[in-house]
Amino acid sequence: MSPTQPRTDIFDVKKVTKLIELMKEHDLSEIDLKQGDTAVRLKRGGDVVMAAGPVPPARAAALPAVPAEKAPAASDKMLVITSPMVGTFYRASGPEAAPFVKVGDRIGPEKTVCIVEAMKVFNEIPAGVSGQVVAILVENGAPVEFGQPLIKVDPEA
């Protein structure tokens, strides 16, 4: 930036508010901006919804039959990581990349467990819980609905 150009504050409340309005208007869940050595990342609506216990039978019947990756013997207090949006489920960041998690992996709340693509935006989904992955409930590349169970986690393992 040259000395003659006015310095703009990227954290100006009016600018941040405008970005939030644009996110809502265009149904974006994340904006990642970088200018020089300054970066801003805004996320909205990316909370992971969790449910304790098994998937309710009515919901389980509505899910398509897919080969799920499962581990033997899990506790009765399962946590389920669900999709925070409608989109396409991906287990890895790319076709040749290793999956974010596999059955048997220990995860923490900040661990990215998958990606849900919505409107050409790839949203990394954090676990939101700690424990051991006991089942991957969705096939890679499959469409998912809001609230659909994606991954089962045993918090006691």
Taking H as built 1.01 Å from N, whose amide H comes closer than 5 Å to the amide H of Ala157, not counting residues under 5 places away?
Gln132
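Taking 0.36 nm per intervening residue step and subtracting the Cα-Cα distance, what contour gain separates Lys15 from Thr112 on full extension? Spell out each step's value before the answer.
On the way: separation 97, 0.36 × 97 = 34.92 nm, distance 2.90 nm.
Extra length available between Lys15 and Thr112 comes to 32.0 nm.
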Hz values of 3J(HN,Hα) by residue in region 89-105 - Karplus curve (6.51, -1.76, 1.60), Gly and Pro given as x
7, 10, 7, 9, 6, x, x, 9, 7, 6, x, 4, 9, 10, 4, x, 5
Under 5 Å between amide hydrogens, which residues at least 5 positions from Thr82 or on another chain qualify, with H placed 1.01 Å from N in the peptide plane?
Val49, Leu150
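Which of Lys14/Lys120; Lys111/Lys152; Lys24/Lys120; Lys102/Lys152; Lys15/Lys120 have a Cα-Cα distance over 21 Å?
On the way: Lys14/Lys120 27 Å; Lys111/Lys152 14 Å; Lys24/Lys120 16 Å; Lys102/Lys152 11 Å; Lys15/Lys120 24 Å.
Pairs exceeding 21 Å: Lys14/Lys120; Lys15/Lys120.
R0 = 30 Å: FRET efficiency of Ala92 with Glu156, Cβ-based, nearest 0.05? Intermediate results must be reported in sequence, preceding the final value.
Values: r = 27 Å, r/R0 = 0.91.
Plugging the Cβ-Cβ distance into 1/(1 + (r/R0)^6) gives 0.65.
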In nm, the gap between the two label points placed 7 Å beyond Cα toward Cβ at Asp32 and Glu139 is 2.9 nm
Applied in sequence order to region 148-157, the curve 6.51 cos²θ - 1.76 cosθ + 1.60 (Karplus, θ = phi - 60°) yields integer Hz couplings, x standing for Gly and Pro, of 5, x, 10, 9, 9, 10, 9, x, 9, 7
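A short reminder: the numbers here are calculations on the coordinates, not readings from a lab. Quantities reported herein were computed from a predicted structural model and do not represent experimental measurements. Note that each Cβ is placed from the backbone with ideal geometry, even for glycine, and that neighbours are counted across all protein chains shown.
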